[in-house]
Amino acid sequence: MARKDFLDIASLTREEVDHLLDQATPFKELFTRSVKKVPALKGKSVLTLFYEPSTRTHSSFEVAAKRLSADVIDLDVPHSSAVKGETVKDTVDTLQAMRADYIVVRHKMSGLPQAIARQTKASVINAGDGAHAHPTQALLDAFTLKEVFPSPAGKKVLIVGDILHSRVARSTSNLFLKLGVEVGFLGPGSLVPKLGPAGITRFTDFEEALKWGPDVVYLLRVQMERQDVPSFPGLQEYHRVYGVTQERFKQIQGEGTYIMHPGPVNRGVELCHEVMDYEHSLINQQVENGIAARMAVLYWLKPGTSEGEPQHETD
Ligand code: CP
């Protein structure tokens, strides 16, 4: 079973998650070969449409599409007609006329990829919408977790930081829970939502959270751009209370706990410099796995070929 679009984690079944994670493995194996390309999407076009900044997601979609032999068209949003006031809907209509098969979109507005998916026959992939979802980040996170813990059910992952504003926290915790992982949230009370999926343990004190015995500490970037009113006194204070300080790093290192972070990292805020060179830091592995995970998504989706085609169709 394949889908037209990849918009969130919540709507994926466990079987679909397992299929995508299994599919990412042979794509990652390609990276070690001298020829890293396969012809799977030859003749298809992938359009990337990023209305928000991105390094990892944007470039890894481009690499993923090229390794599948697709043609990649990157719409340079800051130099596009968007700055002349063209709406996203009109931009998508224009691009639709160019018959892109896949549209990869990032936008600050939650729900926009869903709206585009209804508008176009192309497969739409959500590369991050507001504080709502970042499903390919979740997929690469789960793939990375499984490389360390092939049977992740029962493992504990502590997600630390600004959970309220984080699309990464929402999608990744959702996917980890689907895999049977125990999830903990740690952050300032105002940044940890009271409501959410069942089965999440909430902490406001880092030392208490470490006593819980996490196998992985997953640090979130502090997103100043999504906070209208700052929720903590300052970045130094944030580091002292919710960061992996040198002292906490010693404890984490002693336990052999793994560290994850979606990037970009604010050194000296979420973590001290030493964490970047820690042998159990999975941060670079996450970036590498982003390509394989996104290849799996592109390969799995089935763009529509006619008006009104249903979202789901069989392989
Ligand atoms: N993790 C992530 O989404 O990073 P970018 O903003 O660099 O794409």
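Using DSSP to call loops (not H, G, I, E or B), can you name the chymotrypsin sites (Phe, Trp or Tyr not before Pro) in segment 1-50 whose Cβ has at most 15 other Cβ atoms within 10 angstrom?
Sites meeting the loop and neighbour criteria: Phe31.
To the nearest 0.05, how large is the calculated FRET efficiency for Trp212 and Arg33 if R₀ is 35 Å and r is the Cβ-Cβ distance?
0.25
Compute the Kirkwood hydrodynamic radius of segment 1-126, taking the inverse of the mean of 1/r over all pairs of distinct Cα atoms, and give it in Å to one decimal. List each step's numbers first, then the result.
Numbers: mean 1/r = 0.0638 Å⁻¹.
About 15.7 Å for segment 1-126.
Any idea what the alpha-carbon Rg over 2.2 N^0.38 Å comes to for segment 135-282?
That ratio works out to 0.95.
Assigning unit charges at the beta carbon (Lys, Arg +1; Asp, Glu -1) and nothing else, what dipole magnitude in debye, to the nearest 20, does the chain show about its Cα centre?
Dipole magnitude for the chain comes out near 380 debye.
Starting from the 7 Å offset along Cα-to-Cβ, what nm value, one decimal, do you get for the label separation of Asn284 and Asp22?
Going by the 7 Å Cα→Cβ label model, 3.2 nm.
Heavy atoms only, probe 1.4 Å: what % of the accessible area of the chain goes to carbon and sulfur, would you let me know?
On the way: 7240 of 13970 Å².
Whole-percent figure for carbon plus sulfur exposure: 52.
Using a 1.4 Å probe, what is the accessible area per residue for segment 135-282, in Å²?
Numbers: 6190 Å² over 148 residues.
With all protein chains present, segment 135-282 gives 42 Å² per residue.
Calculate the length of the line joining the C-alpha centroid of segment 4-21 to that of segment 72-122, in whole Å.
Each part reduced to its Cα centre gives a spacing of 23 Å.
Using modelled amide H (1.01 Å from N, peptide plane; none on Pro or chain starts), what sits under 5 Å from the amide H of Gly268, excluding residues fewer than 5 places away?
Amide H to amide H, under 5 Å and 5 or more residues apart or across chains, Gly268 pairs with His273.
Work out the FRET efficiency for Ala2 and His273 from their Cβ-Cβ distance, taking R0 = 51 Å, and round it to the nearest 0.05.
Calculated transfer efficiency: 0.70.
Using only the Cα atoms of the chain, what do you get for the radius of gyration and for Dmax, in Å?
For the chain, the Cα radius of gyration and maximum Cα-Cα distance read 19.5, 59 Å.
Can you tell me the FRET efficiency between Met109 and Lys84 if r is taken as the Cβ-Cβ distance and R0 is 22 Å, rounded to the nearest 0.05? Intermediate values should be presented prior to the final figure.
Working: r = 19 Å, r/R0 = 0.86.
The computed FRET efficiency comes out at 0.70.
Can you give the charge dipole size of segment 114-263 about its Cα centre, rounded to the nearest 20 debye, using +1 on the beta carbon of Lys and Arg and -1 on the beta carbon of Asp and Glu?
Computed charge dipole of segment 114-263: roughly 460 debye.
Pop a pseudo-label 7 angstrom from the Cα along the beta-carbon direction at both Ala97 and Gln251 and give the gap in nm to one decimal.
Label at Ala97, label at Gln251, 6.1 nm between them.
Determine the gain in length on full extension of the stretch Leu235-Ala40; use 0.36 nm per residue of separation and subtract their C-alpha separation, reporting nm with one decimal.
Values: separation 195, 0.36 × 195 = 70.20 nm, distance 4.59 nm.
The span from Leu235 to Ala40 would gain 65.6 nm if fully extended.
What is the helix-to-structure angle for 88-97, meaning the angle in degrees between its Cα long axis and the longest Cα principal axis of the chain, kept from 0 to 90 and rounded to the nearest 10?
That works out to roughly 40 degrees.
The values are calculated or read from the model by the stated rules, or taken from the named source; none is laboratory data. Please read these numbers as outputs of a predicted model, since none were measured by experiment. No Cβ is skipped: glycine too gets one built from the backbone with ideal geometry, and neighbour counts run over all protein chains shown. Accessible surface areas use protein heavy atoms only, side chains included; no ligands, DNA or RNA. Shrake-Rupley method; radii C 1.70, N 1.55, O 1.52, S 1.80 Å.
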